[in-house]
Amino acid sequence: MKDASPATAPETIYLKDYTPFGYDIESVHLTFHLAPEATRVLSKIRFAPKADATDATFFLHGEELKLISAKIDGQEVSPTLVEGGLKCDVPSAPFTWEAEVEINPAGNTALEGLYMSNGMYCTQCEAEGFRKITYYPDRPDVMSTFTVRIEGDASVMLSNGNPMGKGEGWAEWHDPWPKPAYLFALVAGDLVNHPGQFTTKSGKEVELNIWVRPGDEDKCAFGMEALKKSMKWDEDVYGLEYDLELFNIVAVDDFNMGAMENKGLNIFNSSCVLASPETSTDANFERIEAIIAHEYFHNWTGNRITCRDWFQLCLKEGLTVFRDAQFTADMRSEPVKRIEDVIALRARQFPEDNGPLAHPPRPEQFQEINNFYTATVYEKGAEVIGMLKRLVGDDNYYKALKLYFERHDGQACTIEDWLKVFEDATGRDLSQFKLWYSEAGTPRLKVSEDYADGTYTLTFEQSTPPTPGQPQKAPRVIPVAVGLLSPNGDEVRGTEVLELTEARQSFTFEGLAAKPVPSILREFSAPVILERETTNAERAFLLAHDTDPFNRWEAGNALAKEVRVAMVVDGATPDAAYLDALEKLVRDDDQDPAFRALVLSPPSQADIAQTLAERGHTPDPQKIYDAAETFAQTLAQQLETSLPRLYAATTVDGPYRPDAESAGKRALNGRILSLLTRLDGGEQAARQYATADNMTQQYTALSCLMKAEKADAQSQAFFDQWQHDRLVMDKWFALQIACASPENAAATAAALTRHPLFDMKNPNRFRAVFGALAGNHAGFHHASGDGYVLLADNLIALDKLNPQTTARMCAAFQTWKRYDTARQERIREQLLRIAGTDGLSRDTNEMVSRILDA
Ligand code: BES
Ligand code: ZN
């Protein structure tokens, strides 16, 4: 089921139009009579008109509901059904609203509201899904306690809060914490639990459960440990304790997102919670640990303090991403996590911020809020908090957070509330800093230097290119962490945070015996693009000597990009000095294997395309692909004699453990295997495939073989071994497309959509195929245009079933203006074809029109 097509121009919602709801809610009672195609929902809601209401209209949201009856204080009433809900005349004193509606969970393929997944009932209400369950003021600033009765034949029936009782065919729940409807959840099915227990710092016993389908019990232990670590970490670092006696997690196979923080009943995409050494890679383990932490941390940053309206989304998401990143840094490696996050930011947020979909972390308008769960709201939202922490210092940061929790507990807040807390806690004026929340676009930071008589001067010039609706940009506050190295590689000035506030600003360093080598933007202290004239020799120097691990990686990354750009633009051969530096690093056992693996990982081809575009070139995806291949082949040859020894030396033996240290070693070993495969025709990879006892090594070997087009036997064996496991099959679908050559990628994806196990309705499977296609840069952008047509065909088909996932995947086209006119024309044709589809959802319509407006 999907929303009716916008016959007229779809409505735009503006932040400036915010008005509070005219009524308070004292309590909500819900009764569910579950039936797959005709679930009855009875609501009993106690409303009280607000004395100071500016708008007394009684409007309740409701979509795809069949209204059976409505009563006010026990008397039947006849509400007026309007677009998106109902209106009703109501008393001017407190009253009880009762309604009965019928909904169809089995027919709900949008996976929003109450739906079914493998025979199990579950809900997804954020952002505006509760209105598909019953009539309600479905907005985050309306909060209430909920009491829920579930009637049905499932063996397990769960909702938020604490269990109040259960019997044959029924269960009752009560959540004592007032919450907005988007945090409501219900789950019913024949599930089994992996139990756990946690004692909070004040001695409260909390029962923990991970609920899964029978057969998945053996994949819960890692998630349970991650949950306990998260609970402990939030107490230790932020002083925040859990506030119910029960915390449930449920794994669901059909889910649009990764996971959801419903109060006391988190619901997870099974791919983000189920883990075992045999079926999950190291990357899966890391992500599962992070996402369990993320959803758990929302209990305070999101649930106890929520958002006033959806424009404030980054208030909870940016902060919670920032917190989960701190957690991962503490559990694993701080520099490695930072490098991974910056790679992801550049891969996902920079293209958004520098293209037609650019919007500020706090947008001021939207048509469909689901389209604003973006890299900008999440990742840039987290970066903004990182800058704030850097500017005020750690002590002030925690002081401000303490004040935030004291002052705003139980409230629905805004970015203004958040910044005010920092101003009050530190005495700082944050009005200029606020631009980070209200303006889109990635600032460019040009740096020049000067040295005379022992004084070294760094001059910064900042400018932000125009973005849709924001042609003019004012200078921002930019914290730039800088250190200085002497020419012999010693650090002569430790890290210092320079605070830029003007369009052009200079900083001097006195008393330097020689012209230093600057290490700028250490730890990636601000989400900007640094532009600086420098040499490959200086980059190689920093790669060898910088004391800041992030900038050491960054120097290597910049070198890697320069070398590839030179290969693409000037037809240069791979730079010998860089190859030597890599060789030295790969052999240097004093360095962290995870770090070495990162330096050895080539920049993505999309990243090279972006870099070329920034410098005024039109990227040719095939040439970028060829350069990547040539470079890897040359590096493999350079290392030829030592690769077998390096492979053996980095192989991790013994039982699989998912910790960061072992994972880092396996990552390095995997990089070496991929180089080795270029020389030995896949011999070693085939051996690794045959002997692997964990998914990381099995998957790495398979991907090396697939890239070498030597995987026929192993691909079939993998399928035979894992065809019963949906999550592993997602890997099998994705890997074949990710590893396909540019000319085969679209055809491989097309063939896989005809495979019996391809399932449009399962977002994980759809993303496995089309996420991999869009991620195969040269394949998706192959000159034939086949990739574009295939994606458009499938987006059009999916839109009828699942608008939310369709709309998100339209972002594959957001970079279209970077490419040559022939490709642009081909993409435009597909965008227009999608836009012209009859009955297109509001979600997809908004995305496609914004992309086309570029
Ligand atoms: N609140 C979101 C889940 C959500 C997003 C629900 C959009 C409805 C619409 C949840 O807290 C979240 O942010 N999940 C992320 C993962 C997280 C680790 C960044 C996700 O699902 O990708
Ligand atoms: Zn979140």
*How large is ³J(HN,Hα) for each residue in the stretch 606-619, as worked out from phi by the Karplus curve 6.51 cos²θ - 1.76 cosθ + 1.60 (θ = phi - 60°), to whole Hz, x for Gly and Pro?*
5, 5, 5, 4, 5, 4, 4, 4, 4, 9, x, 9, 9, x
*If the chain between Asp395 and Glu423 were fully stretched, how many nm would it gain, using 0.36 nm times the residue separation less the Cα-Cα distance?*
8.7 nm
*If the chain between Thr547 and Glu217 were fully stretched, how many nm would it gain, using 0.36 nm times the residue separation less the Cα-Cα distance?*
114.3 nm
*From a point 7 Å beyond the Cα of Glu583 in the direction of its Cβ, which residues of the stretch 633-651 have a backbone N at a distance under 20 Å?*
633-650
*Apply 1/(1 + (r/R0)^6) to the Cβ-Cβ distance of Ala51 and Ala344, taking R0 = 60 Å, and write down the FRET efficiency to the nearest 0.05.*
0.80
*Multiply the residue separation of Thr630 and Glu661 by 0.36 nm, subtract the distance between their alpha-carbon atoms, and state the gained length in nm to one decimal.*
8.1 nm
*asked:* Could you derive backbone 3J(HN,Hα) for the stretch 471-485 from the dihedral phi with the Karplus parameters 6.51, -1.76 and 1.60 (θ = phi - 60°), listing whole Hz in sequence and x where the residue is Gly or Pro?
replied: x, 10, 10, 8, x, 9, 7, 10, x, 10, 7, 10, x, 10, 10
*What angle do you read, to the nearest 10 degrees and between 0 and 90, between the alpha-carbon axis of helix 576-587 and the longest principal axis of the chain?*
70 degrees
_Proximal aspartates and glutamates relative to Lys800, as straight alpha-carbon distance under 12 Å, when same-chain residues fewer than 8 apart are discounted_ = Asp3, Asp838, Asp843
*asked:* Once R0 is set to 56 Å, what does the formula 1/(1 + (r/R0)^6) return for the Cβ-Cβ distance between Glu614 and Ala93, expressed as a FRET efficiency to the nearest 0.05?
replied: 0.35
_Whole-Hz ³J(HN,Hα) from phi, Karplus 6.51 cos²θ - 1.76 cosθ + 1.60, for the stretch 401-417, glycine and proline x_ = 5, 4, 5, 4, 5, 5, 6, 10, 3, x, 10, 10, 10, 10, 4, 4, 4
*Which FRET efficiency, nearest 0.05, do Ser486 and Glu683 yield, Cβ-Cβ r, R0 30 Å?*
0.05
_Quick check on the chain: take the gyration tensor over C-alpha atoms, sort the square-rooted eigenvalues as a ≥ b ≥ c, and tell me if it's rounded (a/c under 1.5), prolate or oblate._
prolate
*From the cross-link list Lys389/Lys434; Lys219/Lys731; Lys731/Lys761; Lys66/Lys761, which pairs have alpha carbons spaced over 19 Å apart?*
Lys66/Lys761
*Around Pro20, what is the net charge, scoring Lys/Arg as +1 and Asp/Glu as -1 over all other residues with Cβ under 13 Å from its Cβ?*
-3
*Per residue of the chain, what 222 nm ellipticity follows from adding -39500 (n - 2.57) for every DSSP H run with n ≥ 4, rounded to the nearest 500?*
-12500 deg cm²/dmol
*asked:* Going Cα to Cα from Lys446, which lysines come in below 19 Å? Please leave out same-chain ones fewer than 8 positions away.
replied: Lys473, Lys561
*asked:* Is the C-alpha gyration tensor of the stretch 1-144 telling us rounded, prolate or oblate? Criteria: a/c under 1.5 is rounded; beyond that, a/b larger than b/c is prolate, otherwise oblate.
replied: oblate
*Restrict the search to the stretch 364-394; then list the GluC sites (Glu not before Pro) that DSSP places in a loop and that have at most 15 other Cβ atoms within 10 Å of their Cβ.*
Glu364
*Kindly work out what percent of the DSSP beta bridges joining two residues of the stretch 238-305 are antiparallel, to the nearest 5.*
25 percent
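Each value in this text was obtained by applying a stated rule to the coordinates, not by laboratory testing. What you see is a predicted model; the values in this text were computed from it and never measured. We place every Cβ from the backbone using ideal geometry, glycine too, and count neighbours over all the protein chains shown.
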